[in-house]
């Protein structure tokens with residue numbers, strides 16, 4: 001392996017990772033601010049309907065047959081080959097497809113919204129408001145599909161700093177607009193109008209950035225080809241199953257709860273999922289950043305650097321995500337008190353169970369990312385079928401039997417089972433050692449033990465004071481636990497020698513802490 005080539009990859013990955021982390025942290029903060037704000041104005045039932053709108057939109061976006069997933073891979077490969085004709089052809093083809101798909105959905109679904117809503121168990125007085133909001137959501141769906149195209153283009157060109165800058169910019173009018181609408185007495189339809197305007201702004205910014213990065217980019221109707229669409233769909237549709245599995249795991253429980261229990265349980269589930277999703281949002285950045293590089297290296301058949309990238313990224317992923325999981329288990333009651341002003345037992349149990357399932361999905365994320373970039377899609381598709389079937393079957397059975405908590409248990413069991421299957425099969429088919437993976441996981445888990453022990457003792461002392469005193473004591477208690485966990489954890493990393501000289505060579509010039517965490521050899 002050439003050191004200069006490795007450093008080039010690391011430099012690009014680090015730039016994209018830094019931009020993605022900054023953007024994602026900003027979005028997490030704005031979403032955490034908006035959620036209790038919207039809940040306080042709308043109430044539990046209307047907030048649940050608002051959540052269900054976005055759940056249904058995500059399902060409708062599945063109608064693109066996996067194009068969003070495929071675009072990043074092919075844009076990265078066209079960039080590696082400097083194939084401008086194919087690049088522009090895909091852009092023109094996908095624009096036309098998304099517009100045609102949106103028109104079809106509007107024509108077919110718009111007149112059916114009232115009829116479908118009449119069968120739903122909506123609270124009294126919410127039916128008309130919900131119908132108007134859902135119809136506006138169909139228009140938003142068209143805009144979101146076009147956003148997917150230009151976002152994928154910039155990601156394929158490895159310009160994540162531009163996609164994240166766009167998200168940061170549009171979050172400001174989203175927060176301000178939502179607050180003003182709610183403060184003036186607006187409801188669901190007005191909130192959806194704000195969302196539609198914000199997405200229009202996001203689309204315009206992405207198109208402008210795409211043109212800036214690729215000045216030769218143009219829309220040519222004559223470049224539209226069925227061949228390009230078939231090629232994208234033949235790849236994307238096979239990855240649609242794991243995408244559907246992810247959607248089922250993160251969204252289907254809300255629809256099942258809506259059908260079988262009072263609608264306010266959708267709100268409890270959503271609040272627990274919001275907190276747990278931090279485990280998904282932050283490590284997921286690594287996958288989005290790595291995927292275009294994996295596709296490019298796979299196209300160049302540079303397998304040495306592919307496996308170097310996989311092993312190092314897996315270690316960094318576990319070093320980041322395991323303390324997030326354990327820390328969330330220990331401090332979730334502080335988080336909820338600081339965020340919502342109270343601790344609901346229904347929300348608390350959702351955080352504990354969903355965070356466990358979400359972490360199991362994140363833990364094998366590098367195997368899925370590398371496999372998808374190398375065309376290993378059939379096993380990923382089978383794992384998606386397994387996860388979808390388990391999740392729907394278990395959640396439905398357990399909700400009918402035990403109610404709300406059954407949904408949480410069903411999702412956790414389905415996620416853990418399917419992701420154990422993914423890692424086992426990946427190791428077998430690519431000649432990786434499952435035992436080595438388990439040893440590394442055990443090693444990372446072991447170095448979390450001192451930090452977890454100290455934090456557990458401290459949070460026992462602080463819990464009564466924090467939960468009786470409102471938000472401020474909870475925030476102070478949470479910050480104390482985070483500081484103690486982080487300090488002890490960093491010392492443990494250094495003492496265990498989990499970071500080696502190669503990590504310092506790759507990251508030392510960009511992450512100053514790496515030098516402090518690397519034990520001296522000899």
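Within the option set 158, 202, being surrounded by 17 or more Cβ atoms within 10 Å (Cβ to Cβ), outside any helix (DSSP H, G or I) and either at pLDDT 80 or above or assigned by TED's automatic domain parsing to the domain that holds residue 64 (or both) holds for one residue only, 158. Among the candidates 208, 236, 272, the residue that is farther than 30 Å from residue 409 by Cα, outside the structural domain of residue 131 (by TED's automatic domain parsing) and either out of contact with any strand residue (DSSP E or B) (no Cβ under 8 Å at 6 or more places or on another chain) or free of Cβ contacts under 8 Å to residues at least 40 places away in the same chain (or both) is uniquely 236.
Among all positions in the range 96-112, there is at least one residue which is free of Cβ contacts under 8 Å to residues at least 40 places away in the same chain and either within 22 Å of residue 187 (Cα to Cα) or in contact with a strand residue (DSSP E or B) (Cβ under 9 Å, 6 or more places away or on another chain) (or both). Take the conditions part of a helix (DSSP H, G or I), touching a helix residue (DSSP H, G or I) at 6+ places or on another chain (Cβ under 7 Å), outside the structural domain of residue 247 (by TED's automatic domain parsing) and under 30 Å from residue 194 (Cα atoms) and apply them to residue 78. Does it pass? Considered against the rule, which asks whether it is part of a helix (DSSP H, G or I), touching a helix residue (DSSP H, G or I) at 6+ places or on another chain (Cβ under 7 Å), outside the structural domain of residue 247 (by TED's automatic domain parsing) and under 30 Å from residue 194 (Cα atoms), residue 78 comes out as no. Taken together, the criteria place residue 413 among residues that are within 30 Å of residue 261 (Cα to Cα) and surrounded by 18 or more Cβ atoms within 10 Å (Cβ to Cβ).
Residue check: residue 204 meets all listed conditions (1) out of contact with any helix residue (DSSP H, G or I) (no Cβ under 8 Å at 6 or more places or on another chain); (2) under 26 Å from residue 266 (Cβ atoms) but one, namely (2). Would it be correct to say that residue 136 is under 26 Å from residue 65 (Cβ atoms), within 26 Å of the chain's Cα centre (by Cα) and surrounded by fewer than 20 Cβ atoms within 10 Å (Cβ to Cβ)? Taking the combined requirement at face value, the residue satisfies it. Taken over the range 431-441, the criterion of being touching a residue at least 24 places away in the same chain (Cβ under 8 Å) and surrounded by fewer than 16 Cβ atoms within 10 Å (Cβ to Cβ) is satisfied by no residue.
Residue count for the range 22-63, restricted to those that are over 19 Å from the mean Cα position of the chain (by Cα) and touching a residue at least 60 places away in the same chain (Cβ under 8 Å): 13.
The values are calculated or read from the model by the stated rules, or taken from the named source; none is laboratory data. Treat the numbers as computed from the prediction; the structure is a model and nothing was measured. Counting neighbours? That spans all protein chains shown, and the Cβs are built from the backbone with ideal geometry, glycine included.
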